[in-house]
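The structure under discussion appears below in the form of structure tokens.
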Amino acid sequence: MNQPVRYGLKDKKRIVIKIGSSSLTHPESGDLNLLKIERLVRIISDLKGAGKEVVLVSSGAIATGRQALHYPRKPASLAQRQAFAAVGQARLMMVYQKLFAEYNQVAAQVLLTKDTMVNDGSRYNAQNTFDELLLLGAVPVVNENDTVSTSEIPYLDNFGDNDRLSAVVAALIGADLLILMSDIDGLYSDDPRTNKEAEFIGLVPEITPELMSMGKASAGSDVGTGGMAAKLAAARIATDSGSDMVIANGEQVEVIHEILQGEDRGTLFLAHRNQDFDLMHYLNNEY
């Protein structure tokens, strides 16, 4: 199914991989799943060994902060969210640095806010930093700067979720492919967790208004924030900017290799570069 189109993914060179909190943590406790993170790092290191450039957009800072501070619930206030992020981001990067070093790779932290992207000078500097990091062979590990972003005001001065942030990064650096690792197999006609008749959609040649209406702004876990609506918004950014995008289940991170081998995994959104697409226009009008 869709194999000729899928085979083209083998040739992608600049790849953005987004992994969510629910894919990085144990569902029972919310603590980091170190075995899964180690496998993710090994896969990214192997992709780099194959000559690919990889940017990782990683959630998990707030969940890591909750773990460190022994706080079992989602934060109840903006101040708590930012405090957990301040503790957790440093710990999360420490984990990535140590694991990447085991495979002779260097991880670089990049924290972004919407303000970074809408300011011409900051956006230009961010783009140059990504380009230079990739040229130097580092793996940029990106997250929203939750310590200072005001997430109580959705889409005002924050990205709201790392699905959209990863698409913005893909557009900024001219990525060939964006892979969203989720807690669901891909796009369905309805939520398969509540509707057993929901049909799986393996290939999306073009994003239509009808398709966008399928998105439901709901999260499926205690630690995640991005629902299908966020993933469809990310798909629109990525494909309009010229990047293919795949939504796949992050339960087994080895699915990344399978996607890049042309196997039929997840939902593939085909790039259809929009000549009128302007990242600044999107940021100023959609957030």
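At a glance:
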{"item": "Distance between the stretch 228-287 and the stretch 77-130 - C-alpha centres, whole angstrom", "result": "21 Å"}
{"item": "VAL148/ASP46 FRET efficiency (R0 35 Å; Cβ-Cβ; nearest 0.05)", "result": "0.50"}
{"item": "Solvent-accessible area per residue, Å², over the stretch 163-211 with all protein chains present [probe radius 1.4 Å]", "result": "41 Å²"}
{"item": "Relative contact order [Cα under 8 Å, 6+ residues apart], the stretch 1-151, whole percent", "result": "24 percent"}
{"item": "Solvent exposure of the stretch 222-284 as accessible area per residue, Å², 1.4 Å probe", "result": "37 Å²"}
{"item": "Added length on full extension, which subtracts the Cα-Cα distance from 0.36 nm per residue, ASP264 to SER213", "result": "15.9 nm"}
{"item": "Gain upon complete extension [GLN3, ASN195; 0.36 nm per residue less C-alpha separation]", "result": "66.3 nm"}
{"item": "Inter-site label distance for VAL118 and ASP11 at 7 Å from Cα along Cβ, in nm", "result": "3.9 nm"}
{"item": "Dipole in debye (nearest 20) - the stretch 32-139, about Cα centre, beta carbon charges: Lys, Arg +1; Asp, Glu -1", "result": "620 debye"}
{"item": "For the stretch 5-50, with +1 on Lys and Arg beta carbons and -1 on Asp and Glu, the positive-most of GLY8, SER23, ALA50 along the dipole", "result": "GLY8"}
{"item": "Cα-projected label distance for ASN128 with GLN97, points at 7 Å along beta-carbon direction, nm", "result": "2.5 nm"}
{"item": "Built amide H within the under 5 Å cut-off of VAL55, gap 5+", "result": "ILE15, VAL16, ILE17"}
{"item": "GNM result for the chain, Cα springs below 10 Å: residue of LYS196, LYS98, LYS231 fluctuating most strongly", "result": "LYS196"}
{"item": "For VAL87, net neighbour charge (Lys/Arg +1, Asp/Glu -1) across residues whose Cβ lies under 13 Å away", "result": "+2"}
{"item": "Linear extension gain, ASN104 paired with HIS272, 0.36 nm per residue minus alpha-carbon span", "result": "56.8 nm"}
{"item": "Residue-normalised accessible area of the stretch 1-105, given per residue in Å² at a 1.4 Å probe", "result": "46 Å²"}
{"item": "Accessible surface of the chain, 1.4 Å probe, proportion on carbon and sulfur as whole %", "result": "49 percent"}
{"item": "Proximal aspartates and glutamates relative to LYS13, as straight alpha-carbon distance under 14 Å, when same-chain residues fewer than 8 apart are discounted", "result": "ASP46, GLU53, ASP131, ASP176, ASP244"}
{"item": "The chain, relative contact order in percent, only Cα pairs under 8 angstrom and at least six apart counted", "result": "24 percent"}
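The values are calculated or read from the model by the stated rules, or taken from the named source; none is laboratory data. The structure presented is a predicted model; accordingly, all values stated were derived computationally and were not measured. Note that we place each Cβ from the backbone using ideal geometry, even for glycine, and neighbour counts take in every protein chain shown. Note: accessible area is taken over every heavy atom of the protein model, side chains too, but ligands, DNA and RNA are not part of it. Shrake-Rupley method; radii C 1.70, N 1.55, O 1.52, S 1.80 Å.
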